[in-house]
Amino acid sequence: MKIEFSTEAMKDMRQVFDYISDELFDPAAAEKIIKRIFDRIEDLKEFPSSGKMFIDQDDNVTKYRYITTSKKWIVFYEASDELLIVHRVVGAGQDYINYL
């Protein structure tokens, strides 16, 4: 299975790294968190349906699934038989519904 990242997801990953590295002054932790996020996404190759279905505010099932990493980051993705697309990577405390 091939994994692709949307432009927004790549920006999100950069923001996660920058926030931890620059705002929290911990570049080593930033690298560790980014690696953990990528590792969890890699795991989806084997088990793409392991993420929970995302249900919007109106109780509609969307095309997205999501996983959490490090209990603080949420990865939104969609998967077909051959392709997994990562759409967003957001903090669990953010208003993530508006990011989709």
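Below, the figures for the structure above:
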{"read-out": "Residues located in the range 88-100, provided they are in contact (Cβ under 8 Å) with a residue 24 or more places away in the chain and either out of contact with any strand residue (DSSP E or B) (no Cβ under 8 Å at 6 or more places or on another chain) or buried (at least 22 other Cβ atoms within 10 Å of the Cβ) (or both)", "value": "V89, V90, I97"}
{"read-out": "Count - residues of the range 1-51 that are free of Cβ contacts under 8 Å to residues at least 24 places away in the same chain, under 20 Å from E82 (Cβ atoms) and polar (S, T, N, Q)", "value": "1"}
{"read-out": "Any hit, the range 58-76, residues being touching a His at 6+ places or on another chain (Cβ under 6 Å) and of a type outside the set (S, T, N, Q)", "value": "yes"}
{"read-out": "Residues being surrounded by fewer than 17 Cβ atoms within 10 Å (Cβ to Cβ), part of a helix (DSSP H, G or I) and of a type in the set (A, V, I, L, M) - total across the range 19-60", "value": "2"}
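Every read-out reported here was derived from the displayed coordinates using simple, explicitly stated rules and does not represent laboratory data. None of these values were measured; they are calculated from a predicted model. Glycine also receives a Cβ, built like all others from the backbone with ideal geometry; neighbour counts cover every protein chain displayed.
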